[in-house]
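For reference, the structure discussed in these notes is given below.
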Amino acid sequence: FVANNSRSIGDRFAALKIDGIFVGEGIPEKKRANAFMSMRVKEPMTSVEVLIDATVWGSAKDGLLITNRALYFKNMMEDPVRIEFGDLKDVKADGKSIVFGGQRFSPGVFSEETILKMAEIITANFQ
């Protein structure tokens with residue numbers, strides 16, 4: 001997959017208007033900092049397009065982060081995963097998780113419908 005319309009991915013996620021999904025300048029600094037630390041993000045803080053907070057209490061230490069270069073995610077009690085856009089392939093969703101070429105992101109705090117929409121947006125932007 002190659003990033004196409006990477007600028008619009010934030011707009012597409014923002015259009016969902018779902019609690020726990022933050023875009024661009026609307027990402028609270030504490031959530032951004034927590035996500036960067038727990039997901040071991042390599043890009044600058046200003047590179048974040050989308051943050052999906054998959055925690056129950058809103059810390060953003062588990063979730064999915066899309067920068068201008070890569071997609072990061074971390075499930076509870078697991079190590080973080082980084083996937084460069086050029087390596088994004090085989091994106092699938094089953095309503096409980098999104099699978100990126102064998103790597104499974106399980107955002108259990110979101111509904112099945114929301115998880116499927118997330119996968120649809122990611123697939124539309126990186127194919």
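Descriptive notes on the structure:
- The residue pairs whose first member lies in region 66-83 and is more than 18 Å from Val109 (Cβ to Cβ), whose second member is in a strand (DSSP E or B) and among the hydroxyl-bearing types (Ser, Thr, Tyr), and whose beta carbons are closer than 6 Å, counting only pairs six or more residues apart or on different chains, are Arg82/Tyr72.
- Verdict on Met39 being farther than 16 Å from Pro107 by Cα and in contact with a Lys or Arg (Cβ under 7 Å, 6 or more places away or on another chain): no
- Of all the residues in region 80-102, those that are closer than 17 Å to Asn125 by Cα, not charged (D, E, K, R) and not in a loop (DSSP other than H, G, I, E, B) number 8.
- Residues of region 22-45 that are of a type in the set (A, V, I, L, M) and closer than 19 Å to Val81 by Cβ: Ala35, Met37, Met39, Val41.
- Check on Phe110, open to solvent by less than 30 Å² (accessible area, probe 1.4 Å), in contact (Cβ under 8 Å) with a residue 60 or more places away in the chain, farther than 17 Å from Gly10 by Cβ and hydrophobic (A, V, I, L, M, F, W, C): yes
- The C-beta contact set for region 116-127 (first residue free of Cβ contacts under 8 Å to residues at least 24 places away in the same chain, second residue among the hydrophobic types (A, V, I, L, M, F, W, C) and open to solvent by less than 10 Å² (accessible area, probe 1.4 Å), distance under 9 angstrom, 6+ apart or interchain) comprises Leu116/Ile98.
Rundown of residues vs (1) touching a strand residue (DSSP E or B) at 6+ places or on another chain (Cβ under 7 Å); (2) open to solvent by 10 Å² or more (accessible area, probe 1.4 Å); (3) at negative phi, yes/no style:
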position	(1), (2), (3)
Gly63	yes, no, no
Ile66	yes, no, yes
Tyr72	yes, no, yes
Glu78	no, yes, yes
Glu84	yes, yes, yes
Lys117	no, yes, yes
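- Within region 12-45, the set of residues being part of a helix (DSSP H, G or I) and surrounded by 18 or more Cβ atoms within 10 Å (Cβ to Cβ) comprises Arg12, Phe13, Lys31, Arg32, Asn34, Ala35, Phe36, Ser38, Met39.
- Scan of region 40-75 for residues that are among the basic types (Lys, Arg), within 22 Å of Gly101 (Cα to Cα) and out of contact with any Gly (no Cβ under 9 Å at 6 or more places or on another chain), ordered by number: Arg40, Lys42, Arg69
The values are calculated or read from the model by the stated rules, or taken from the named source; none is laboratory data. Source: prediction; values computed, not measured. Every residue, glycine as well, gets a Cβ built from its backbone with ideal geometry; the counts of neighbours run over all protein chains shown. Calculation scope for accessible area: heavy atoms of the full protein, side chains included, ligands and nucleic acids excluded. Shrake-Rupley method; radii C 1.70, N 1.55, O 1.52, S 1.80 Å.
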